[in-house]
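These notes concern the structure reproduced below.
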Amino acid sequence: MAALEVRGLRKQFGGVVALNGIDLDIGTDQVVGIVGPNGSGKTTLFNVVTGVHPATGGTVSWQGQDITNIGAHRIARKRLVRTFQQAMSFPGLTVYENVRIAWEQGRMRGSRWASPGMILDFVGLAPLGRAIAGSLPFGSLRRLGLAVALGVSPELLLLDEPGAGLNDSEAQAFAAVIAQLPPQGIGVCLIDHDMDMMSDLCDRLIVLDFGTKIAEGLPAEVLADSKVREVYLGPNRKAAAS
Amino acid sequence: MPMTDNSAGKTGAAPEGVRARDRLALLTADNAAVPLPAGVQAITAILLAVLLIALPWLGLGYRFLSIAITTLYTAIGLYGLGLQFGQAGIMSVGHAALMGVGAYASAILSVQLGFGFWTSLPFAMALSAIVGGVIGLPTLRVGGQHYIIITFCFCALFVVVLTNGGTFTGSATGLDVGSVTPLPGINFDKLSNNYYLVLAALFLALSATYLIGNSRYGRTLRAIRENEQLARSVGINVDLHKLGVLMVSGLFAGLAGVLQLYYLRHISPTLFGAFPSLYLALMVMLGGARYLYGPLIGAVIVNFLPEVLNLDPVDSRIAYGVCLLLVILLLPGGVGAGIKNVYCAVRGGLEKQGGGTNGRA
Ligand SMILES: Nc1ncnc2c1ncn2[C@@H]1O[C@H](COP(=O)(O)OP(=O)(O)O)[C@@H](O)[C@H]1O
Ligand SMILES: [Mg+2]
C-alpha cells in the first residue's frame, strides 16, 4: 500500500473540470514527477490533495487514513507538506524566523531536525538567517520555500515547480538538494517543465492532460509514449515544454 | 550559486553621508523583525520601570498624575489591540466598546450583586474575551476589511444598547461604583495608590506582551499576519488562532475597562463609542503596534498632547488628525519604528567603523 492513495479525484471550478477522475499511488521512498501542459491540472491536484481546495469528488488517503477535505493545516500536521508554485514566505520576518515557525509546528509531533539552523544549512541559506525574507533574491526565496516545507518534518513533500524562475546553475543546485531527500526518508512529488531534469531526478513520471492521467511509468518509457509526444509536440497544441 | 545579502537595505542604512533618501529610509524602514540584544532590552525596561515608579514622587501635581493614570489604563487596552493588530494583523476600530464591556460588566455586578473591584475583575475580563471572540467569528468567513466594519458597528450598537438599557445600564447617565476594595494597608482612594494599581496592571500587560511576542505562540500569530495560506500549509490552525488572539485582546480590554471604571467611579455610554474607539486605533498606529513600547508611546502622545500644547478639545482633534496623516505618510511603523530604525542605523554605523569584516551575519 502506497503512503498516498488518490482515487477518482475530481475538481470542478464552475464549468471548468480541472481534475477529471485521477488515480495515484505515491510512496515516501521515491521522487515522482508530474508533468503536463499549462492548465492540465497539476497545481489543482496538489491543492486538492493538501486541502487548499475541497474536492468535488473522489478520495485522498494518507497512510491508510481518509484525509479528503479535512483542512489544510490538519493535512500538514500529518506530515504531508507542499510548496507553492508562487514562491511564498512570511515576507516581513527574518529567514531564520520563517523556518523556525515551520519547525516549531513540526516539532510538536517530533522533528527530524534538531534545530531550524540545521534546515538552513541543508538548503544552503545559513548565511542569510538574519535577512528579511521579503528582501531575498528570487533564488534564495525558492530555497526558503523548500526550507519552510522541510521544517514541518514531511514524510512526503509536494513541490510545485520549485525550479521555475531559476537560472540553469540555480536549478541544478536545487535539483541536487531534492535528490538528497528520498534517502533521508522524505518522499518527493515534483511538478516541473524541465524534461531533462525530470528524467534525471524522477524514479517515475506521471503525465496529466486536461485533468486526466494519460501516462505513467519510468521516465524513458513515458517520454517515448506516443500520446505523451502528441500532447507535447502535437500539431494542434502549443508546446508547453522545452 | 550567487547569493547576495540584500538585507542591509532593509535594516537601517549607514549614517555616513546621509542623503535625503536615506533619511526617509530611516523613517519608513521596517526593522520590527530585527532582534534586539538582551542588554539593550533590559536597560530600556529598567529605565522605564524606574521612571514610571518614581512618577508620583516627582511633584508634578494632581492633574498630571490623573492624566498619567488615564494614559496607563488606556495603554493596557492598547496592548491587547497591539497583539491582535501588530502581531496577528487584525485591526479593530471598536476597541473602546470592548473595554466598555469590561467596565459595564464590573459596574453592573457592583450595582446588582454588590461585587467589589477584585471579585468582578475576572468576570469582566472573561466577558470581554468572550465578546471579543464572538465579534471575531465573522472574520473567519470574510476578510480583514469587513472585520473593521463589523467592529465599528458593534461599537455603535453597544452605545445604543447601553443608552436604552434602563436602570440596568443606567441609560445615558451611566452607572456609579464605590472605590477599589482596600488591600491591607493600601487605600486606593489616594490618587498615587490608584496610580500604582494601574501601573501594576500595565507591567502585567507589558510582560504578557513581551512573553507572547517571543514565544512560539507569538511567532504563530506573526505567521498568520504575514501569509495565511503558508501558515496553514505548515500546520497552523489559522481560524482558531484568529479567534484566540481576539479573545486574549478582549482580556486586556476587560482589565483596562475595569481600571477605567474604578478610576473614574462613574461611566456612561459615550466613553465607549466611536470617537474613543478611533482614538485607540490612532494611538496604536501612532506608537507602533509591532513594538513592545509602541502602544505605551501612542497612549502617552495622545493623552499628553493637548496638555503640553494647551489645546482645547476641537484643536486636539485636529492635531490628532494631523498626527495620523504624518504617521501614515512618514512613519508607517509608528514612533516605535522610528526609534528602532534610528537605533539600527546607529548600530549599523558603529559596526561599520569597528572592524567592518564581521558585517551583520
Ligand atoms: N482557483 C481557481 N479558480 C478557478 N479556476 C481554476 C482555479 N485554479 C485552477 N483553475 C483552472 O483549473 C485548470 C487547471 O489549472 P492548474 O491546476 O493551475 O494547471 P497547471 O498547474 O497544470 O498549470 C485551469 O483551467 C485553471 O484555469
Ligand atoms: Mg501550476
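Worth pointing out:
- In region A:84-107, the residues that are within 16 Å of the chain's Cα centre (by Cα) and more than 8 Å from chain B (Cβ to nearest Cβ): A:Q85, A:Q86, A:A87
- In region B:252-272, the residues that are surrounded by 24 or more Cβ atoms within 10 Å (Cβ to Cβ), in a helix (DSSP H, G or I) and not small (G, A, S): B:F252, B:L255, B:V258, B:L259, B:Q260, B:L261, B:Y262, B:F272
- Residue within region A:45-57 that is surrounded by 21 or more Cβ atoms within 10 Å (Cβ to Cβ), within 9 Å of ligand 1 (Cβ to nearest atom) and in contact (Cβ under 8 Å) with a residue 60 or more places away in the chain present: yes
- Criterion applied to B:Y262, B:Y196 was being touching a helix residue (DSSP H, G or I) at 6+ places or on another chain (Cβ under 7 Å) and not charged (D, E, K, R), and the one residue passing it is B:Y262.
- For region A:175-194, a residue qualifies if it is more than 16 Å from ligand 2 (Cβ to nearest atom) and buried (at least 16 other Cβ atoms within 10 Å of the Cβ), and the qualifying residues are A:A175, A:V177, A:I178, A:L181, A:P182, A:I186, A:G187, A:V188.
- Scanning region B:110-153 for residues that are surrounded by 21 or more Cβ atoms within 10 Å (Cβ to Cβ), within 27 Å of B:N237 (Cα to Cα) and of a type in the set (F, W, Y) turns up just one, B:Y147.
- Among the residues of region A:12-44, those identified as within 13 Å of ligand 2 (Cβ to nearest atom) and open to solvent by less than 50 Å² (accessible area, probe 1.4 Å) are A:A18, A:L19, A:I34, A:V35, A:G36, A:P37, A:S40, A:G41, A:K42, A:T43, A:T44.
- Yes/no for A:A147 being among the small types (G, A, S), buried (at least 20 other Cβ atoms within 10 Å of the Cβ), in a helix (DSSP H, G or I) and at pLDDT 95 or above: yes
- Total residues in region A:14-30, condition near ligand 1 (Cβ under 10 Å from one of its atoms), in contact (Cβ under 8 Å) with a residue 24 or more places away in the chain and farther than 29 Å from A:D196 by Cβ: 1
- Exactly one residue among A:V99, A:V95, A:V60, A:V81 is more than 27 Å from B:G218 (Cβ to Cβ) and open to solvent by less than 20 Å² (accessible area, probe 1.4 Å), and that residue is A:V60.
- For the residues A:G129, A:G92, A:G165, A:G134, the requirement of being within 16 Å of ligand 2 (Cβ to nearest atom) and in contact (Cβ under 8 Å) with a residue 24 or more places away in the chain singles out A:G165.
- Any chance B:R222 is surrounded by fewer than 16 Cβ atoms within 10 Å (Cβ to Cβ) and in contact with an Asp or Glu (Cβ under 8 Å, 6 or more places away or on another chain): no
- Tally, over region A:150-170, of residues that are more than 16 Å from ligand 1 (Cβ to nearest atom) and assigned to a strand (DSSP E or B): 2
- Scanning region A:36-64 for residues that are within 14 Å of another protein chain (Cβ to nearest Cβ) and of a type in the set (S, T, N, Q) gives A:T43, A:N47, A:T50.
- Selection within region A:193-215 - within 16 Å of ligand 1 (Cβ to nearest atom), part of a helix (DSSP H, G or I) and modelled with pLDDT of 90 or more: A:M198
- Among residues of region A:75-96, those that are farther than 21 Å from A:S115 by Cα and hydrophobic (A, V, I, L, M, F, W, C), counted: 4
- Residue check for B:Y196: open to solvent by 20 Å² or more (accessible area, probe 1.4 Å), over 29 Å from B:V93 (Cβ atoms), away from chain A (no Cβ under 14 Å) and assigned to a helix (DSSP H, G or I): yes
- Residue check, A:G33 within 14 Å of chain B (Cβ to nearest Cβ) and either more than 9 Å from ligand 1 (Cβ to nearest atom) or outside any loop (DSSP other than H, G, I, E, B) (or both): no
- Within region B:130-155, residues that are farther than 9 Å from B:S92 by Cβ sit with their Cβ atoms under 8 Å from residues that are open to solvent by 90 Å² or more (accessible area, probe 1.4 Å), at 6+ positions apart or across chains, in these pairs: B:P138/B:H146; B:T139/B:H146.
- Tally, over region A:137-162, of residues that are under 22 Å from A:P127 (Cα atoms), more than 16 Å from ligand 2 (Cβ to nearest atom) and not polar (S, T, N, Q): 13
- Inclusion of A:F174 among residues that are at negative phi and more than 10 Å from chain B (Cβ to nearest Cβ) is not warranted.
- Among residues of region A:65-77, those that are open to solvent by 40 Å² or more (accessible area, probe 1.4 Å) and more than 9 Å from chain B (Cβ to nearest Cβ), counted: 4
- Residues in region A:216-242 that are at pLDDT below 60 and among the polar types (S, T, N, Q) were compared, and the one that is nearest to A:A164 (Cα to Cα) is A:S242.
The values are calculated or read from the model by the stated rules, or taken from the named source; none is laboratory data. Remember, predicted model here, so these are calculated numbers, not experimental data. Heads up, the Cβs are rebuilt from the backbone with ideal geometry, glycines too, and the neighbour counts pull from every protein chain shown. Please note that ligands, DNA and RNA were not included when accessible areas were found on the heavy atoms of the full protein model with its side chains. Shrake-Rupley method; radii C 1.70, N 1.55, O 1.52, S 1.80 Å.
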